[in-house]
Amino acid sequence: MDIMTGAGLAAGIIVISVMMIMGGDLHMFISEHAMIIIFGGSISATMIRFPLSALLHGLPLGAKFAFTMSRLTAHDLVDELARIAEIARKQGPVGLEKVETDEPFLAKGIRYVADGYDLDFIRDNLERDRDNFLMHLDEGSKIYRAIGDCAPAFGMIGTLIGMVQMFANMTDPSKLGPFMATALLATLYGALVANLFCLPIADKLHGKLLDEETNRTLIIDGILMIRDSKSPTLVREMLLAYLPEKHRHAEGEPVPA
């Protein structure tokens with residue numbers, strides 16, 4: 001669970017709610033017309049921008065990864081691959097059949113090595129799997145960013161509609177207040193949807209995409225070296241190059257000058 005995503009959303013909702021309560025009744029901030037223009041308009045524009053397949057893959061995958069963390073960090077993966085390389089060196093590929101890991105992508109690579117597939121097959125399949133996953137995660141980021149871009153614009157459209165309705169009914173003072181409230185709430189909803197939900201989630205997904213690209217590329221290189229019967233020490237040293245310098249050494253181990 002990515003605690004920061006949930007905590008940030010909860011904190012934002014609490015702050016906005018407290019400000020609304022301090023100014024009066026929460027019901028005054030509810031407008032069905034504003035909700036229709038913001039959510040209906042943003043979703044409609046997003047449907048025009050993206051094909052159905054991208055929406056079906058990107059939205060749920062984006063929502064999932066915005067609130068979850070990778071099971072293993074890059075440093076954990078280096079340690080795990082070095083351990084697996086040690087097992088393969090002592091017991092051969094057959095020994096990998098009993099190896100268990102919490103990372104599904106790594107488990108797939110281990111299975112390929114244990115089953116005796118050649119290097120080209122393993123490389124092609126793992127790279128294709130990585131690229132497809134990253135493509136869908138990138139689609140999720142783009143979709144949430146698209147909704148975040150649309151929401152304020154449709155908030156302005158809702159405001160203009162409310163003002164037109166207000167000015168068209170200047171002879172009836174009883175309608176001026178509701179129309180003005182609709183106009184202002186449309187802008188409020190658009191700003192909240194964009195800046196509290198969609199754009200932060202899009203940025204979070206972009207960061208997750210970069211992390212997943214590094215981790216999965218690291219796994220592919222490690223699996224290929226294990227398949228090529230490289231020593232555990234060589235596997236570790238080669239894979240440590242994926243990590244920043246300050247993260248390449250265990251806690252308490254001196255960092256070379």
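The values are calculated or read from the model by the stated rules, or taken from the named source; none is laboratory data. Just so it is clear, the model here is predicted, and its values are computed rather than measured. Counting neighbours? That spans all protein chains shown, and the Cβs are built from the backbone with ideal geometry, glycine included. Accessible surface areas use protein heavy atoms only, side chains included; no ligands, DNA or RNA. Shrake-Rupley method; radii C 1.70, N 1.55, O 1.52, S 1.80 Å.
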In debye, nearest 20: dipole of the stretch 1-101 around its Cα centre with unit charges on the Cβ of K, R (+) and D, E (-)? 300
Considering only GLY155, LEU55, ILE219, whose Cα is most displaced toward the positive end of the charge dipole of the chain, charges sitting on Cβ of Lys, Arg (+1) and Asp, Glu (-1)? GLY155
Mind putting a number on the dipole of the chain about its Cα centre? Charges go on the C-beta only, +1 for Lys and Arg and -1 for Asp and Glu, and I need it in Debye to the nearest 20. 300
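With the radius of gyration and the Kirkwood radius both derived from the Cα set of the stretch 52-116, what is their ratio Rg to Rh?
Using Cα coordinates only, the ratio equals 1.14.
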How large is the dipole of the stretch 66-205 about the Cα centre if only Lys and Arg carry +1 and Asp and Glu carry -1, each at its Cβ, rounded to the nearest 20 debye? 440
Is there a pair in LYS175/LYS204; LYS64/LYS230; LYS90/LYS204; LYS98/LYS142; LYS64/LYS108 whose C-alpha atoms are over 32 Å apart, and which pairs would that be? LYS175/LYS204; LYS64/LYS230; LYS90/LYS204; LYS98/LYS142
Mind checking which aspartates and glutamates have their Cα closer than 15 Å to the Cα of LYS208? Skip sequence neighbours fewer than 8 apart in that chain. ASP2, ASP131, ASP138, GLU139
Hey, any idea what the orientation-averaged projected area of the convex hull of the chain's Cα atoms comes to, in nm²? 19.0
Taking N as the residue count of the stretch 8-69, its alpha carbon Rg divided by 2.2 N^0.38 Å gives 1.53
Dipole of the chain, positive direction: furthest Cα of ALA34, MET166, ILE87, with charges on the beta-carbon: MET166
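Quickly estimate the mean residue ellipticity at 222 nm for the chain, helices only: each DSSP H run with n ≥ 4 gives -39500 (n - 2.57), and the total goes over all residues, rounded to 500.
Helices in the chain give a 222 nm mean residue ellipticity of -24500 deg cm²/dmol.
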Compute the relative contact order of the chain as a whole-number percentage, counting only Cα pairs closer than 8 Å that sit 6 or more residues apart in sequence. 31
Please sort through the DSSP H helices of the chain and keep those with an alpha-carbon extent of at least 20 Å along the long axis and a Kyte-Doolittle average not below 1.6. 3-22
Once the whole set of protein chains is in place, how much accessible area is left on MET163, using a 1.4 Å probe, in Å² to the nearest 10? 70
So what is the relative contact order for the stretch 156-210, in percent, with contacts set as C-alpha pairs under 8 Å and at least six apart? 35
Keeping all protein chains in place, calculate the accessible area per residue for the chain (probe 1.4 angstrom), answer in Å². 57
How do GLU213, GLU237, GLU100 stack up against each other in accessible area, from largest to smallest, with a 1.4 angstrom probe? GLU100, GLU237, GLU213
Please tell me the relative contact order of the stretch 1-153 in percent, rounded to the nearest whole number, where contacts are Cα pairs under 8 Å and at least six residues apart. 37
Directionally averaged projected area (convex hull, Cα atoms, the stretch 113-257), nm²: 14.6
Between the stretch 39-57 and the stretch 65-99, what's the alpha-carbon centroid distance in Å? 38
